[in-house]
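Asker: One structure, pasted below without further comment.
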Amino acid sequence: MSLAFLFPGQGSQVKGMGTDVFHRYPELIEQANQELGYSLSDLCLEDAKEQLSQTQFTQPALFLVSFLEGKAKIDDGQIPDVAAGHSVGEFAALALAGCVSFLDGLRMVSKRGNIMSQVTGGGMAAVIGMEVEKIQSTLEQIGAEQVDLANFNSPGQVVISGPAAQIKTTLIPLKDAGARMVVPLKVSGAFHSRMMEEPAREFGKFLEEIRFSSPQFPVYSNVEAAPYSNGDAIAPLLVRQIHSSVRWTELITQMRKDGASEFLECGPGKVLTKLLKQIP
């Protein structure tokens with residue numbers, strides 16, 4: 001039996017997350033708070049200023065909780081054979097696999113969140129119960145040429161991303177074309193779309209300061225739906241990940257082909273656990 005750790009992305013955050021693990025790692029909590037210059041732990045637990053849904057805060061908060069939940073499982077004897085994370089969740093997977101230090105992982109997601117939050121005017125929507133080819137053809141028919149297919153979450157769930165005005169024009173046509181549901185997402189930007197190409201370039205410059213090591217266990221890339229080959233492959237793929245599709249369905253399928261038979265979600269919520277049931 002091969003054990004896989006999975007780490008969720010944005011949308012999984014919830015006030016009170018981290019309650020079960022923060023008390024176990026006070027030194028890491030203090031390091032995180034000092035690094036960022038504000039109490040990340042208080043943000044996760046209390047969210048007094050209602051900032052948890054803002055990208056620049058969401059990403060480091062999710063990293064902290066997901067990393068510590070994964071570390072707690074490892075410290076309790078559950079050692080993963082492989083790991084993957086959905087979008088920003090990939091950073092927790094890489095840090096736990098020893099590719100970067102905890103603080104470098106935190107610095108990366110903080111920078112990533114900040115630069116992604118600066119791109120305004122974008123939106124996303126989940127298209128439920130519609131084949132990829134039909135989604136693509138419908139977008140072409142209605143002239144939504146700036147809308148990209150962002151997340152292939154399961155065979156029955158694809159997320160589209162692009163300018164908010166164009167996303168709005170797709171909702172009714174996609175429903176009329178056969179989608180069971182089209183749900184606008186509560187996000188602040190068009191993540192994993194071409195609108196993120198400039199943030200990706202800026203992030204690439206930032207990553208020149210980070211040293212990556214080869215993973216101690218395989219970590220699967222969102223971009224390639226396959227394990228990172230070595231430490232040198234990490235930075236270029238993390239840059240591409242910002243504006244490329246999350247190939248989650250292919251990734252999970254490949255993990256299973258490679259022997260993964262048990263999956264543990266490390267982080268708030270059970271979004272990825274639910275998606276597993278939708279991926280044959």
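Read-outs throughout are calculated quantities, based only on the coordinates presented, and are distinct from any laboratory measurement. These figures come from a predicted structure and were not determined experimentally. Positions of Cβ are backbone-derived with ideal geometry, glycine not excepted, and every protein chain shown enters the neighbour counts.
Asker: Along the Cα-to-C-beta direction of residue 164, a point sits 7 Å from the Cα; which residues of segment 173-207 have their amide N less than 19 Å from that point?
Answerer: Inside the label zone: 183-197, 199.
Asker: Given 0.36 nm per residue, what is the gain on full extension from residue 171 to residue 1 after removing their alpha carbon distance, in nm?
Answerer: 56.9 nm
Asker: While we're here: Do any GluC sites (Glu not before Pro) in segment 36-123 lie in a DSSP loop with no more than 16 other beta carbon atoms within 10 Å, and if so, which?
Answerer: 46, 50
Asker: Is it possible to state the helix-based mean residue ellipticity at 222 nm for the chain, with each DSSP H run of 4+ residues giving -39500 (n - 2.57), the sum divided by total residues, to the nearest 500 deg cm²/dmol? What is it?
Answerer: Mean residue ellipticity at 222 nm (helix-derived): -13000 deg cm²/dmol.
Asker: Using Cα positions and a limit of under 20 Å, work out the aspartates and glutamates in reach of residue 277, with same-chain residues fewer than 8 apart set aside.
Answerer: 131, 250, 258, 262, 265
Asker: Where a ≥ b ≥ c are the square roots of the eigenvalues of the C-alpha gyration tensor, would you call segment 203-256 rounded, which needs a/c under 1.5, or, failing that, prolate if a/b is larger than b/c, or oblate?
Answerer: oblate
Asker: Toward the positive end of the charge dipole of the chain, about the Cα centre and with charges on Cβ (Lys, Arg +1; Asp, Glu -1), which of 91, 7, 124 goes farthest?
Answerer: Positive-most Cα among the choices belongs to 124.
Asker: Residues with amide H under 5 Å of residue 122's amide H, sequence separation 5 or more or different chain, H placed in the peptide plane at 1.01 Å from N; which?
Answerer: 164, 190
Asker: Once you keep just the Cα pairs under 8 angstrom separated by 6 or more residues, what percentage relative contact order results for the chain?
Answerer: 26
Asker: Looking at 109, 151, 78, which one has the Cα that reaches farthest to the positive end of the dipole of the chain (charges on Cβ: Lys, Arg +1; Asp, Glu -1)?
Answerer: The Cα lying farthest towards the positive end belongs to 151.
Asker: Fewest first, what order do 27, 250 take by the number of other Cβ atoms within 10 Å?
Answerer: 27, 250
Asker: Along segment 120-131, what does the Karplus equation 6.51 cos²θ - 1.76 cosθ + 1.60 (θ = phi - 60°) give for ³J(HN,Hα), rounded to whole Hz, x for Gly and Pro?
Answerer: With the stated coefficients, segment 120-131 comes to 9, x, x, x, 9, 8, 8, 9, 9, x, 9, 5 Hz.
Asker: I've got another one for you. How far apart, in nm, are the 7 Å Cα→Cβ label points at residue 233 and residue 34?
Answerer: Modelled inter-label distance: 3.6 nm.
Asker: Rank the residues 24, 256 as a footprinting-exposure proxy: fewest other Cβ atoms within 10 Å of their Cβ go first.
Answerer: So the residues, fewest neighbours to most, are 24, 256.
Asker: Residues in segment 87-125 near a label at residue 145, defined as backbone nitrogen under 19 Å from the 7 Å Cα→Cβ point?
Answerer: None, by backbone N distance to the label point.
Asker: Relative contact order for segment 60-140: what percent, with Cα pairs under 8 Å and sequence separation of 6 or more?
Answerer: It rounds to 29 percent for segment 60-140.
Asker: Right, next: With a cap of 15 neighbouring Cβ atoms within 10 Å, and only residues DSSP puts in a loop, list the trypsin sites (Lys or Arg not before Pro) found in segment 80-182.
Answerer: 180
Asker: How would you rank 206, 152, going from fewest to most other Cβ atoms within 10 Å of each one's own Cβ?
Answerer: Exposure proxy ranking, most exposed first: 206, 152.
Asker: Another question about this same structure. Past 20 Å, Cα to Cα, is the threshold; run 15/49; 168/274; 111/205; 15/111; 49/186; 175/270 against it and keep the listed order.
Answerer: 168/274; 15/111; 175/270
Asker: Turning to a different aspect of this structure: Just the C-alpha atoms of segment 186-280: what Rg/Rh do they give, with Rh taken as the Kirkwood radius?
Answerer: So for segment 186-280, dividing Rg by the Kirkwood Rh gives 0.99.
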